[in-house]
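The values are calculated or read from the model by the stated rules, or taken from the named source; none is laboratory data. Keep in mind that what you see is a predicted model, and the values were worked out from it rather than measured. Positions of Cβ are generated from backbone atoms using ideal geometry, with glycine treated the same way; all protein chains shown enter the neighbour counts.
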Amino acid sequence: MLWRRTSMPSSSADRLRAVIFDVDGTLVDSEQHGHRIAFNEAFRACGLRDHWDRALYRELLAVTGGEARLLAWFRNPASSIHGAPEHELRRIARDVHRAKTELFIQIASTGVVPPREGVRTLLDELAAASIELCVATTGSRAWVLSLLDRVFGIERFSLVVTGDDVTSRKPDPAAYRLVLEGRDLSADETLAIEDSGPGLRAAAAAGLPCVVVANSETDLAAVQDAEVVVSGFGSPGSPLEVHVDRYGAIKGQRVSAAALRAVWSSRRGFLAGSSTRST
Ligand code: XBP
Ligand code: MG
């Protein structure tokens, strides 16, 4: 169910102990070239004429969880089975999602789902700084662990919580809360890395500061409340565009471990200052 490494590092109350990463759109560039292709192939495999192009898929991403996304689509008048009884819509959404998951596992096994540019360097830096790496995703367990293992090596992550491990997916905070509970962390010892509005809302509801690493699917208007919003992790080839930097912590051209620690400590200082001001 949850994947966790056995060793439990010592806890120190006053430092950034863990960074919790989202998967789709954050650790990996998986939506348009992976999931969307699998959804369309699943429609065909199930005898449906539905097709999600890039623009439509971007809109549908507002619904997290593939099965819920399919059900929301099938209720839409533009879908091929709009008007069928609700129980039929639910059954077909479940069947199509099962097919889609198998197809996505096959697609991901060919190596076409790449890591976000610059994220591997950040993972290395965080591990070298003894900062735990955890995952909180809406994605299905059936593909999450194998994709993380293929792209990064699953042993890097001390705990992976998937959409199947919680009863409510993002923007519900359940996945983040389960990571905190599973690793005996408090929200103020951690920081979340996300790419979407629902992900930011989930992290914020769990009390975590959040750095949004936007991508082509990110609705920038939906992530303005994040501590930081940048256009990517940054790498020598692609300079960083900083959309939000609440504490002025992003100095260089990369999202580095030092930058994340600066965001975390600036927020901590800000909260400490505001609590003394209010006494
Ligand atoms: C993004 C999602 C997932 C994927 C599809 O998850 O909302 O539903 O789009 O994967 P993340 P499934 O929280 O990692 O951004 O079909 O397995 O749901
Ligand atoms: Mg995401």
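Considering only segment 61-68, I want to know if a residue exists there that is more than 30 Å from V255 (Cα to Cα), among the hydroxyl-bearing types (S, T, Y) and either touching a Leu at 6+ places or on another chain (Cβ under 7 Å) or within 16 Å of ligand 1 (Cβ to nearest atom) (or both). Even if it seems obvious, please write down each step before you answer.
First, the residues of segment 61-68 that are more than 30 Å from V255 (Cα to Cα): 67-68.
Those still in the list that are among the hydroxyl-bearing types (S, T, Y) too: none.
No, the conditions are met nowhere in segment 61-68.
How many of the residues making up segment 17-74 are of a type in the set (S, T, N, Q) and more than 11 Å from ligand 2 (Cβ to nearest atom)?
At the first step, the residues of segment 17-74 found to be of a type in the set (S, T, N, Q) are 26, 30, 32, 40, 64.
After this cut, where a residue has to be more than 11 Å from ligand 2 (Cβ to nearest atom) as well, the list is 32, 40.
So the answer is 2.
Could you give me the residue pairs with C-beta distances under 9 Å whose first residue belongs to segment 51-70 and is free of Cβ contacts under 8 Å to residues at least 12 places away in the same chain, whose second residue is charged (D, E, K, R) and more than 13 Å from ligand 1 (Cβ to nearest atom) wherever it lies, and which are 6+ apart or on separate chains?
Listed by first residue and then by second, the contacts come to H51/R44.
Taking segment 227-241, which residues are in contact with a His (Cβ under 9 Å, 6 or more places away or on another chain) and among the small types (G, A, S)? Give the derivation first.
Residues of segment 227-241 that are in contact with a His (Cβ under 9 Å, 6 or more places away or on another chain), as a first pass: 228-231.
The answer is S231, and nothing else.
Can you pull out every residue in segment 25-45 that is touching an Asp or Glu at 6+ places or on another chain (Cβ under 6 Å) and under 28 Å from R91 (Cβ atoms)? Steps first, answer last, please.
Narrowing segment 25-45 to residues touching an Asp or Glu at 6+ places or on another chain (Cβ under 6 Å): 25-26, 30-31, 43.
Those that are touching an Asp or Glu at 6+ places or on another chain (Cβ under 6 Å) and under 28 Å from R91 (Cβ atoms): S30, E31, F43.
Quick one: which residue in D225, D245 is at pLDDT 90 or above, in contact with a Cys (Cβ under 9 Å, 6 or more places away or on another chain) and farther than 16 Å from G25 by Cβ? If you could, list the steps in order and put the result at the bottom.
Values: D245 fails: in contact with a Cys (Cβ under 9 Å, 6 or more places away or on another chain).
Exactly one of D225, D245 is at pLDDT 90 or above, in contact with a Cys (Cβ under 9 Å, 6 or more places away or on another chain) and farther than 16 Å from G25 by Cβ, namely D225.
Looking for whichever is of a type in the set (S, T, Y) and closer than 17 Å to S256 by Cβ here; the options are T121, T167. Which one fits?
Numbers: T167 fails: closer than 17 Å to S256 by Cβ.
The match here is T121.
I'd like to know if segment 232-241 contains one or more residues that are buried (at least 16 other Cβ atoms within 10 Å of the Cβ), in a loop (DSSP other than H, G, I, E, B), touching an Asp or Glu at 6+ places or on another chain (Cβ under 7 Å) and at pLDDT 95 or above. Walk me through it before giving the result.
Step one: of segment 232-241, the residues buried (at least 16 other Cβ atoms within 10 Å of the Cβ) are 232-235, 240.
Restricting the remaining residues to those that are in a loop (DSSP other than H, G, I, E, B) gives 232-234, 240.
Next, only the ones that are touching an Asp or Glu at 6+ places or on another chain (Cβ under 7 Å) stay: 232-233.
Keeping just the survivors that are at pLDDT 95 or above gives 232-233.
The answer is yes, given that some residue of segment 232-241 is buried (at least 16 other Cβ atoms within 10 Å of the Cβ), in a loop (DSSP other than H, G, I, E, B), touching an Asp or Glu at 6+ places or on another chain (Cβ under 7 Å) and at pLDDT 95 or above.
Output the residue which, of all residues in segment 153-172 that are surrounded by fewer than 22 Cβ atoms within 10 Å (Cβ to Cβ) and of a type in the set (A, V, I, L, M, F, W, C), is farthest from ligand 1 (Cβ to nearest atom).
Looking at residues that are surrounded by fewer than 22 Cβ atoms within 10 Å (Cβ to Cβ) and of a type in the set (A, V, I, L, M, F, W, C), I get I154.
Of these, G111, G118, which one is more than 12 Å from ligand 1 (Cβ to nearest atom) and in contact with a Phe, Trp or Tyr (Cβ under 8 Å, 6 or more places away or on another chain)?
Working: G111 fails: in contact with a Phe, Trp or Tyr (Cβ under 8 Å, 6 or more places away or on another chain).
Unique residue meeting the criteria: G118.
Please state which one of A226, A175, A205 is surrounded by fewer than 21 Cβ atoms within 10 Å (Cβ to Cβ) and within 16 Å of ligand 2 (Cβ to nearest atom). I'd like the intermediate steps shown before the answer.
Values: A226 fails: surrounded by fewer than 21 Cβ atoms within 10 Å (Cβ to Cβ); A175 fails: surrounded by fewer than 21 Cβ atoms within 10 Å (Cβ to Cβ).
Step by step, each of A226, A175, A205 is checked, and only A205 is surrounded by fewer than 21 Cβ atoms within 10 Å (Cβ to Cβ) and within 16 Å of ligand 2 (Cβ to nearest atom).
Considering A175, A192, which residue is part of a strand (DSSP E or B), under 23 Å from D225 (Cα atoms) and touching a strand residue (DSSP E or B) at 6+ places or on another chain (Cβ under 8 Å)?
On the way: A175 fails: part of a strand (DSSP E or B).
Of the residues listed, the single one that is part of a strand (DSSP E or B), under 23 Å from D225 (Cα atoms) and touching a strand residue (DSSP E or B) at 6+ places or on another chain (Cβ under 8 Å) is A192.
Of the residues that sit in segment 99-132 and are of a type in the set (S, T, Y) and touching a helix residue (DSSP H, G or I) at 6+ places or on another chain (Cβ under 9 Å), which one is farthest from G153 (Cα to Cα)? Even if it seems obvious, please write down each step before you answer.
Here is the first cut: in segment 99-132, the residues of a type in the set (S, T, Y) are 101, 109-110, 121, 130.
In the following step, the residues that additionally are touching a helix residue (DSSP H, G or I) at 6+ places or on another chain (Cβ under 9 Å) were identified as 101, 109.
Working: T101: 21, S109: 14 Å.
Only one residue fits best here, namely T101.
Give segment 195-207 a look and list any residue that's part of a helix (DSSP H, G or I), more than 13 Å from ligand 1 (Cβ to nearest atom) and more than 14 Å from F21 (Cα to Cα), or say none. Can you show your working first?
Let us first name the residues in segment 195-207 that are part of a helix (DSSP H, G or I), namely 197-205.
Those left that are additionally more than 13 Å from ligand 1 (Cβ to nearest atom): 204-205.
The answer is A205, and nothing else.
Taking the condition of being part of a loop (DSSP other than H, G, I, E, B) and surrounded by 17 or more Cβ atoms within 10 Å (Cβ to Cβ), how many residues in segment 208-223 meet it? Please lay out each step first, then the result.
Initial filter on segment 208-223 (part of a loop (DSSP other than H, G, I, E, B)): 208-209, 214-219.
Okay, now just the ones that are also surrounded by 17 or more Cβ atoms within 10 Å (Cβ to Cβ), so 208-209, 214-215, 217-218.
Count: 6.
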